[in-house]
Every structure is written in structure tokens, then in C-alpha cells.
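I have placed the structure first, in the form of C-alpha cells, so that the comments after it can refer back to it.
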Amino acid sequence: MNSILKVTDLKKTFYNIKEIPVLKWVNLDLKEGEVYWFLGPNWSWKTTTLKCILWFLNYDEWSIKIFNEDLKTHPNIYKLLWYAPENAYFYDHLNWIEFLIFMGELVWMTKEEAELNWLQLMEKLWLANAKDRFVKSYSKWMRQRLWLAASLINNPQILFWDEPMSWLDPLWRVLVKELMIELKSKWKTIFFNTHILSDVQEIADKFGIIFDGKIIFEDYTKNLEKNLEELFKELIQKEDKKIEIK
């Protein structure tokens, strides 16, 4: 199966008072239709990795191919993907119909094309009854669902979701998992971050654990021979001791 996303030797350094290397030769290889789960503790640079992949941040050294093309030189690839950050920003004076049409236009959709998709999305995410309300009146969890809908407006081939289940109650976590399974059945590729370990084995085909800017473990979920929480704790503690010794 062909790679839909291939990252080779991604390196990123922040320059402030001194050089701070944050990503250290990160390698990723996602196939079409795979659900890939990216796990790491706080300050392990998960979001930074996503932003580098999508060229929102410059990086030092890299080879990143999406659909076998370089995103920097082929910006039309943005039509085929979507990035949903954990903390989304909204235009509070819009209702959800206006917001979704605006989101579609950002990836070069016409108003008519966006309108074909928004009604189905909002019924699926239980927001149809809020269509006449301004976004400023939405609760945190309603905004999260609206952002999930926005991430699907252009029917993307690859989705980058950063903590898609944050602020969602248990019912909505189940519904988001069902949504991921549905997308996978349509051969969509999903790259997502989450701290909820139980979601990995239920949804993901493959997972990677990042710590201190390095991927320290990667495998298919079907190969797990021990409890994922135990494995995660064991690996992080082992890597943390290496840093202490240095």
C-alpha cells in the first residue's frame, strides 16, 4: 500500500536566548486508510510535529511528502486535507451555516459545494437545532463539535486532529470514535493526538509514542502484548532517566 504521508528525518530547533532542539529526526509513514495515533506527555512536541508537517512552522531539516508531493511547492494539496487544532478560533458573529461555508472557502470550495455538505454534517453532529444561533452563544463542547464538522466540510482525504475529544463528554467521545471508524471505512487517513489511552486500541491501526522530540516507540495496535498504559509509563520513565543522567 502506498504512503499517503511520509516524514523523513524531521528536525526543528527554536532559537531564543539559546538553541533549543525540539524535534530530533522524527520519521513517520502513514498509509491510505490508516488511523494513526500520536501519543506523548505534555511538552513532547506533538503539536509542533503537526505544524511542521503542514508547513505552519519552518524546520531545519526534513523530507515531507503528502500524496508523494512537497506541500510547500504544491499548495493545492491543502484541498485534500484538514488540520483541526485543539484550541480552535471562531468568528463569533457567524452562525454555523455561515461559519462552515467560510471554512469551505478557505480550501477553495464554492459556496454551493459547501452547502451540499453542511446539512449532513450538522445533523450527524447534533447541531442542526443551533443553526440560527451565533457561535458566540455556543458552549465549549458545542464549539468542539462545530470544529469537527468544519474539518470534514471539504471531504478531505487526510485529517490531522489535535485532541479531537477534549471537552467532550463520554457520549460524544463514543460518537467521535464511531465517526473515525466511518471515515476509515471510506479510506480516509487520520492522524490524531489524544491523551485518552483507551481510544488507541479501539480505533487506531498504528501508534507512535513521542518524548523529548523523538519517537521512542511505534507499532501496530494488533501487536500489543501488554497493557498500553503500562507500556507508556515504562517507556517514558526509561527515557526520562536517560535525560537525568545527561
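Tabulated data
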read-out	value
Pair His195, Asp9: separation of 7 Å Cα→Cβ label points (nm)	3.5 nm
Net charge over other residues, Cβ less than 12 angstrom from the Cβ of Lys233 (K, R count +1; D, E count -1)	-3
Sparsely packed trypsin sites (Lys or Arg not before Pro) within segment 128-202, loop by DSSP, other Cβ within 10 Å at most 14	Lys131, Arg133, Lys186
Nearby lysines by direct alpha-carbon distance to Lys186 (threshold 17 angstrom, same-chain neighbours under 8 apart not counted)	Lys31, Lys124, Lys177
Two-site FRET efficiency, Asn155 against Asp240, from Cβ-Cβ distance with R₀ of 41 Å, rounded to 0.05	0.45
Between 0 and 90°, nearest 10: helix 140-150 axis offset from the chain longest Cα axis	90 degrees
Paired Rg and Dmax values of segment 3-245, which use every Cα atom, in angstrom	18.5, 60
Label-point separation, Lys131 to Glu61 (7 Å along Cα→Cβ), nm	5.4 nm
Cα-Cα P(r), segment 1-143, percent of pairs per 5 Å interval	2, 8, 14, 17, 16, 14, 13, 10, 5, 1, 0
Selection of trypsin sites (Lys or Arg not before Pro), segment 24-80, meeting DSSP coil and at most 12 other Cβ within 10 Å	Lys72
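Read-outs throughout are calculated quantities, based only on the coordinates presented, and are distinct from any laboratory measurement. Given the structure is predicted, the values throughout are model-derived calculations rather than measurements. Neighbour counts run over all protein chains shown; Cβ positions are idealised from the backbone, glycine included.
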